[in-house]
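One structure is given below, encoded as structure tokens.
Derivation of every value follows stated rules applied to the coordinates shown; laboratory data play no part. These numbers were taken from a predicted model, which means no experiment stands behind them. Backbone-built Cβ (ideal geometry, glycine too); neighbour counts: all protein chains shown.
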Amino acid sequence: TTIAVLRERAEGETRVAATPETVKKFIALGAAVRIESGAGATASIGDDDYRAAGAEVVAEGAAQGADIVLGVQGPEVELLAGAKPGAWVAAGLDPFRRRDRVDAYAAAGFEALAMEFMPRITRAQSMDILSSQSNLAGYKAVLVAADHYGRAFPMMMTAAGTVSAAKAFVMGVGVAGLQAIATARRLGAQVSATDVRSATREQIQSLGAKPIFVENVAGIEGEGAGGYATEMSEEYQKAQAELVSSHIAKQDIVITTALIPGRPAPRLISDAQIASMKPGSVIFDLAVAQGGNVEGSVADQVVVKHGVKIVGYSNTPAHLPADASALFSRNLYNFLSAFWDKEQGKPVLDEEIGNAIRLTHGGKVVNERLLG
Ligand code: NAD
């Protein structure tokens, strides 16, 4: 089995889908690994590091003869020229927004595996790119917000007087939100947080933050398939908006992380709420690339409204390329190695995970989330 790793082409993408560590491990399984020259440069991994790990490094045609092509984002189909018929393409494929590319994989006869469709089951946790990348994103969001904030996070008592602690509010307490809470706490902020899933209340408390929750409204569970959030009732949304309005006016830092799979991100903060905040406050919108939780946020720009800075990156994990690549690469290795069939010398997927992540097979789009 030949595994190919291409240099990422998407703008602003700094990650790479294999590291010298995972290259060694793939070779130990019996695979050959081919890396496109320069693939690791932005993640501080040189061609020589890959060679030392046992990979072949090529300037062109890395996909030639490949059985499996790995990517962080999906490679455009032209880059897969020469890969074996039926070759696997395993990456974050962004299937809803890049349906055109999924169709192109199907037409070319490739088997596309969307790593973001990995089911949220215990045995797949180590293969879950959404978790590994969201965790880093939650951390980075707080650091960037802190950097844009003209004050300090911790309370400081100095000879010149006291600096008061920043108040930070995290909206959406999934993987990214939990790490944002922990990071803001480590920096010394007073942290509060909210989510539509009531199960997060205890998680917020266990991190030493204050839960801010809508009480006594129908449909409060907010938890749907796979532990993901659902869209909330109008009544709930109204109650949430009121609660958030009174809370947000007192906050210095707000980190929003709310996502609903396959839907635009829910709008959590309106322009009027921004206007109620103190000048100099900072909002980091982690959902900006999915449509944004914050009215007026623009990806990769610092927008100033009513004296409040609104920040958000189109690709937050790409701002931590080395760690993000290391964890992403391990997710891919954990996935392929878990299914490695020693006799056939290649991975063979089971039904539960195969059906969840396989987008294309035998020239057709086969995933029910895309057919539905
Ligand atoms: P996500 O990225 O899909 O969404 C982020 C958070 O935003 C979620 O907590 C969601 O409930 C919240 N949210 C959505 N709409 C909201 C609104 N209107 N207001 C406030 N908050 C809103 O979520 P995620 O990080 O992928 O985590 C979802 C769940 O999956 C969590 O319970 C997480 O622990 C779980 N999970 C399980 C596994 C596993 O078992 N393999 C792996 C990762 C995550």
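Residue count for segment 309-330, restricted to those that are surrounded by fewer than 24 Cβ atoms within 10 Å (Cβ to Cβ), in contact with a Gly (Cβ under 8 Å, 6 or more places away or on another chain) and among the aliphatic types (A, V, I, L, M): 0. Can you confirm whether L178 is more than 23 Å from Q273 (Cα to Cα), buried (at least 20 other Cβ atoms within 10 Å of the Cβ) and more than 16 Å from the ligand (Cβ to nearest atom)? Taking the combined requirement at face value, the residue does not satisfy it. Is segment 148-166 home to any residue that is among the aromatic types (F, W, Y), within 15 Å of the ligand (Cβ to nearest atom) and either under 28 Å from L243 (Cβ atoms) or surrounded by fewer than 20 Cβ atoms within 10 Å (Cβ to Cβ) (or both)? Taking every residue of segment 148-166 in turn, none turns out to be among the aromatic types (F, W, Y), within 15 Å of the ligand (Cβ to nearest atom) and either under 28 Å from L243 (Cβ atoms) or surrounded by fewer than 20 Cβ atoms within 10 Å (Cβ to Cβ) (or both). Across segment 32-56, which residue is nearest to W88 (Cα to Cα) among those that are crowded, with 20+ Cβ neighbours inside 10 Å and of a type in the set (V, I, T)? Checking each candidate, the answer is V33.
Here A137, A112, A107 are screened, and the one residue that is surrounded by 17 or more Cβ atoms within 10 Å (Cβ to Cβ), more than 12 Å from the ligand (Cβ to nearest atom) and not acidic (D, E) is A112. Comparison of A287, A275, A258 shows that the only residue that is surrounded by fewer than 22 Cβ atoms within 10 Å (Cβ to Cβ) and among the small types (G, A, S) is A275. Determine if segment 345-367 includes at least one residue that is part of a strand (DSSP E or B) and over 19 Å from F110 (Cβ atoms). No: segment 345-367 contains no residue that is part of a strand (DSSP E or B) and over 19 Å from F110 (Cβ atoms).
Taking the criterion of being in contact with a helix residue (DSSP H, G or I) (Cβ under 6 Å, 6 or more places away or on another chain) and either part of a helix (DSSP H, G or I) or touching a residue at least 60 places away in the same chain (Cβ under 8 Å) (or both), the residues of segment 179-196 that qualify are Q179, A180, T183, A184. Scanning segment 162-178 for residues that are farther than 16 Å from L268 by Cα, assigned to a loop (DSSP other than H, G, I, E, B) and in contact (Cβ under 8 Å) with a residue 12 or more places away in the chain yields a total of 2. For segment 71-127, the candidate set comprises residues that are among the aromatic types (F, W, Y) and outside any helix (DSSP H, G or I); within that set, the residue that is farthest from R7 (Cα to Cα) is F96.
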